[in-house]
Amino acid sequence: MTAPIETTGAATEVQPEAVLEGASKGQIEGRSLGQIAWTRFKKDRVAVAGGVIVILLILLAVLSRPIQSMFGLDPNAFHQDLISPDTSLPKSGWGGMSLSHPLGVDPKFGRDIATRILEGSWVSLVVAFGATILSNVIGAILGVVAGYYGGRVDTVISRLMDIFLAFPLLLFAIAISATLQGGAFGLNGLPLHLSVLIFVIGFFNWPYLGRIVRGQTLALREREFIDASRGMGAKGPYIVFRELMPNLVGPIIVYSTLLIPTNILFEASLSFLGVGIQPPQASWGGMLRDAVTYYQVDPQYMIVPGLAIFVTVLAFNLLGDGLRDALDPRSR
């Protein structure tokens, strides 16, 4: 049997060594959910690389017109001296690549491909971001309303989602875009084409986000903080927009980064089919459509816009995967 330990003087509270060490160095600090997500995201090098490429693409798209003005570039300027009159192909090899035209020139007209890629970047991103915002607004509001209120409201909105998902979207988009090519709503030309694409792509894609938000809302509405809000007398609209919506930001952001590349491909597909952005305005899908005639004799003209679409879509997908892992506390 061991003897009891005698103590003298006032009793002192014993602290763990780790706590004492951290307190002495001032390292004990709470972190918000955003800081935790950022720390997790930085560890994913592939996602960080995708994010850097996305930022560069956005900067190029935003600064495309100033860059063209600064260097005197014109995406529609003809260089017939670089085109062979016999074959309508660039005179030099590799699609006419040179110091003046690093990515070559297009057949028949001799327009600089690099400048047209730069010009087409803002078109693709404007349509993709605009359609994504429209889809998010409609899908998030209807999804959270359906999930929170349930009952007949949920039934009506869910059946509406099923109806929209049943639409043959590509055929419907082709029909609407082709019908409104001449002019509508006081718009014509490029503003009309951009508006039609944003509306068609965004309006018919909202059910996908709506289902995600509805499922998340069904789980959140049973949480304690929602019960506390009801107990304090909060009404439905307050709970929906002040309590539920802030907790749905993470899934919405992740889905947006995955929806943007899908919208870029959709815009390129419509332009490729001739019902999207119309010439002479440069667009990546339109460049691929023009390259179909020459891909066997001038593959450079098809490779460059194809790579632009591929890199952009891949970068957004990598960023979306990284954000999903960083914002999901259950992932490792």
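The values are calculated or read from the model by the stated rules, or taken from the named source; none is laboratory data. It should be emphasised that the depicted structure is a prediction, and the values quoted were computed from it without experimental measurement. We place every Cβ from the backbone using ideal geometry, glycine too, and count neighbours over all the protein chains shown. Note: areas computed on protein heavy atoms with side chains; ligands, DNA, RNA excluded. Shrake-Rupley method; radii C 1.70, N 1.55, O 1.52, S 1.80 Å.
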Based on this model, can you work out whether Leu218 counts as among the hydrophobic types (A, V, I, L, M, F, W, C), surrounded by fewer than 16 Cβ atoms within 10 Å (Cβ to Cβ) and modelled with pLDDT of 90 or more? yes
Scan region 249-281 for residues that are open to solvent by less than 10 Å² (accessible area, probe 1.4 Å), part of a loop (DSSP other than H, G, I, E, B) and aliphatic (A, V, I, L, M) and jot them down. Ile277
Name every residue in region 238-248 that is among the β-branched types (Val, Ile, Thr) and either surrounded by 23 or more Cβ atoms within 10 Å (Cβ to Cβ) or not in a helix (DSSP H, G or I) (or both), in order of residue number. none
Selection over region 189-237 where residues are on the phi > 0 side of the Ramachandran plot and either outside any helix (DSSP H, G or I) or basic (Lys, Arg) (or both) yields a count of 1
Being more than 30 Å from Leu270 (Cα to Cα), surrounded by fewer than 20 Cβ atoms within 10 Å (Cβ to Cβ) and of a type outside the set (Val, Ile, Thr) is the filter here, so list the residues in region 139-172 that pass it. Tyr149, Gly150, Gly151, Arg152, Asp154
Single residue of region 67-118 satisfying the filter (assigned to a loop (DSSP other than H, G, I, E, B), among the aliphatic types (A, V, I, L, M) and without any contact (Cβ under 8 Å) to a residue 40 or more places away in the chain) that is surrounded by the most Cβ atoms within 10 Å (Cβ to Cβ): Ala77
Extreme residue, most open to solvent (accessible area, probe 1.4 Å), among residues of region 173-183 that are touching a residue at least 60 places away in the same chain (Cβ under 8 Å) and under 25 Å from the mean Cα position of the chain (by Cα): Ile174
Search region 40-66 for residues being closer than 10 Å to Gly322 by Cβ and not in a helix (DSSP H, G or I), and hand back the single one that is nearest to the chain's Cα centre (by Cα). Asp44
Scanning region 282-332 for residues that are assigned to a loop (DSSP other than H, G, I, E, B) and either farther than 28 Å from Leu192 by Cβ or touching a His at 6+ places or on another chain (Cβ under 7 Å) (or both) gives Tyr294, Tyr295, Gln296, Val297, Asp298, Pro299, Asp328, Pro329, Arg330, Ser331, Arg332
